[in-house]
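Visitor: Can you keep this structure in mind? I'll have questions shortly.
The values are calculated or read from the model by the stated rules, or taken from the named source; none is laboratory data. Being a predicted model, the structure only gives us computed values, none of them experimental. We place every Cβ from the backbone using ideal geometry, glycine too, and count neighbours over all the protein chains shown. All accessible areas refer to the heavy atoms of the entire protein, side chains included, with ligands and DNA or RNA removed. Shrake-Rupley method; radii C 1.70, N 1.55, O 1.52, S 1.80 Å.
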Amino acid sequence: MQKTADVVVIGGGIMGASTAYHLAQRGCKHVLLVESGEMFGLGSTGLNAGGIRYQFATAVNIELSKLSIGMMERFADEMDQPVGLRRCGYLFMLDDRADLEQFTRNVALQNAHGVPSRVVSPAEIAALAPEVDVTGIIGGTWCPRDGLVDPNGLLQGFVSQARRRGATLLTNAVATAIDVAGGRVQRVVTSAGAVDTPAVVIAAGPWSGDVGALAGVSLPVQPIRRQIAVTSAIAGLRADFPFVIDFSRALYFHREGAGILTGMSNRDDPPGWDTSVDESWRFRHLEKAMERLPLLADADIMAEWAGLYEVTPDDQPILGALPQADGLFVCAGFSGHGLMHGPAAGLLMAEEILDGRAHTIDIDPLRWGRFEAGVGAGEYNVV
Ligand SMILES: Cc1cc2nc3c(=O)[nH]c(=O)nc-3n(C[C@H](O)[C@H](O)[C@H](O)COP(=O)(O)OP(=O)(O)OC[C@H]3O[C@@H](n4cnc5c(N)ncnc54)[C@H](O)[C@@H]3O)c2cc1C
């Protein structure tokens, strides 16, 4: 392995790959990415539901979506890699008055940022998704510009274009130490060798807490299991079936191939590294899923898996330079909605490192320092 690098990126998921690409694309000469797995994207990036949405509750997340989804629209042309962007829309269904009030405020904020979302009545929900049983639903929100993207296409596009621009991206390379001396980053030690560097980006997804500890930094990112099932083909399923979310149950559906992908978050699952499918949760999930989407009763489960959300105390990512040492940066903790923000996050990290400060979007609300003042209100639209 090379002995020096201008920047070492730790983690080869969407955050690391996007950061490496944007650094190389800006002309940073010696970018090294180290990924512990045998392939890129074996962490959360390879296990997610592929959803993209503008429907968030904070201005900074809405802006991250606008920047990222704009990049996805241009991805095939600029990165020579199709990413299967589909605008099927996201339909949030609500059964709680306080949620409806909060989502109504969220829509006002989204509209102020130019997002064409709107509040919808139960009758409109039934018209948008006639397949869904709307029992108990008092309203919802809809944005026709939300939808789906191919996670692997996005990741591979960043990996291959980063390499084409001169970055070195290694698999089977585990970061085991980050040496800091005199208040500065000095060196990263990996299972493939050691490299002197003035800058390190921690982009290790759910493992970011452990990687932060290598530099003596406490990063409040917790791994939390989330599981998904995909059904066999369902006859007559509409091509434009939307991404439907029963918010209070954290239950969701979207079209996947000719079948349905469905997930339901177990909000009581404690932090941990277990990624086996929880059988008892599986039955509860499928029972609730069939109640909401009765056509699932005719389908078989073809695939099932669990992955890890990388959750922070306010469900917001931690982005930017860390105050503990010069040259230490973090891009992690996207709390289960990071695939869609990965393109923007990498661009912002490159600005933070090369220009001294991210400037396309103000990332101050996402900096590590916010936790020193205690945890404030974070993102509400978390599934
Ligand atoms: C079930 C599920 C559904 C989801 N659905 C969506 C969705 O619909 N839309 C959306 O936007 N997001 C979704 N997400 C969230 C999204 O997948 C994540 O936010 C995103 O992939 C995080 O990317 P990352 O690069 O930070 O982490 P990861 O993809 O986990 O990448 C981190 C990498 O770091 C590597 N690593 C760890 N430690 C080290 C080390 N010491 N040295 C070197 N490498 C190391 C790991 O091997 C890993 O490959 C979902 C997640 C799950 C689990």
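Visitor: Working from Cα positions, state the angle (0 to 90°, nearest 10) between the long axis of helix 97-112 and the longest principal axis of the chain.
Guide: Helix 97-112 sits roughly 60 degrees off the main axis of the chain.
Visitor: Let me ask you something else. Relative contact order for region 42-171: what is it in percent, counting Cα pairs under 8 Å that are at least 6 residues apart?
Guide: About 37 percent, as a whole number.
Visitor: Would you mind working out the accessible area per residue for region 293-383, using a 1.4 Å probe, and quoting it in Å²?
Guide: With all protein chains present, region 293-383 gives 36 Å² per residue.
Visitor: Applying 1/(1 + (r/R0)^6) with R0 = 30 Å to the Cβ-Cβ distance of Leu42 and Val277, what FRET efficiency is obtained, to the nearest 0.05?
Guide: 0.95
Visitor: Between region 148-216 and region 312-383, how far is it from one alpha carbon centroid to the other, in angstrom?
Guide: 16 Å
Visitor: Also, quick follow-up: Can you pull out the GluC sites (Glu not before Pro) in region 24-110 that DSSP calls coil and that have at most 14 other Cβ atoms within 10 Å?
Guide: Glu38
Visitor: Alpha carbon centre of region 36-93 versus region 103-121: separation in Å?
Guide: 20 Å
Visitor: For the chain, calculate the relative contact order in percent as a whole number, restricting contacts to Cα pairs under 8 Å that are 6 or more residues apart.
Guide: Contact order relative to length: 23 percent.
Visitor: Turning to a different aspect of this structure: If the reach is capped at under 28 angstrom between alpha carbons, list the lysines near Lys3, excluding any in the same chain fewer than eight residues apart.
Guide: Lys29
Visitor: A further question follows. Given only helices, namely DSSP H runs of n ≥ 4 each adding -39500 (n - 2.57), what is the per-residue ellipticity at 222 nm of the chain, to the nearest 500 deg cm²/dmol?
Guide: Estimated from H runs of four or more residues: -8500 deg cm²/dmol.
Visitor: Right, another one. Counting heavy atoms of the protein chains only and a 1.4 Å probe, report the per residue accessible area for region 77-118 as a whole number of Å².
Guide: 50 Å²
Visitor: Aspartates and glutamates within cross-link reach of Lys66: Cα-Cα under 15 Å, excluding same-chain residues under 8 positions apart?
Guide: Asp146, Asp362
Visitor: If exposed means no more than 10 neighbouring beta carbons inside 10 Å and the site is in a DSSP loop, what's the longest run of the chain without any exposed trypsin sites (Lys or Arg not before Pro)?
Guide: That gives 4-266 as the longest site-free run.
Visitor: Pairs of alpha-carbon atoms within less than 8 angstrom and 6+ residues apart define the contacts here; what relative contact order does region 208-348 have, in percent?
Guide: 27 percent
Visitor: Among rounded, prolate and oblate, which fits region 121-213 when a ≥ b ≥ c are the square roots of the eigenvalues of its C-alpha gyration tensor, a/c under 1.5 means rounded, and a/b larger than b/c means prolate?
Guide: It comes out prolate by the Cα gyration axes.
Visitor: Let me ask another. If I model a spin label at Glu73 and Ala213 as a point 7 Å from the Cα along the Cα→Cβ vector, what separation in nanometres do I get?
Guide: A separation of 4.4 nm, rounded to one decimal place.
Visitor: Further, regarding this structure: In region 220-370, carbon and sulfur make up what percent of the accessible area (probe 1.4 Å)?
Guide: 51 percent
Visitor: Now, a different point. Just grab the label-to-label distance for Lys288 and Ala373, each label 7 Å out from Cα along the Cβ direction, in nm (one decimal).
Guide: According to this spin-label approximation, the distance is 3.4 nm.
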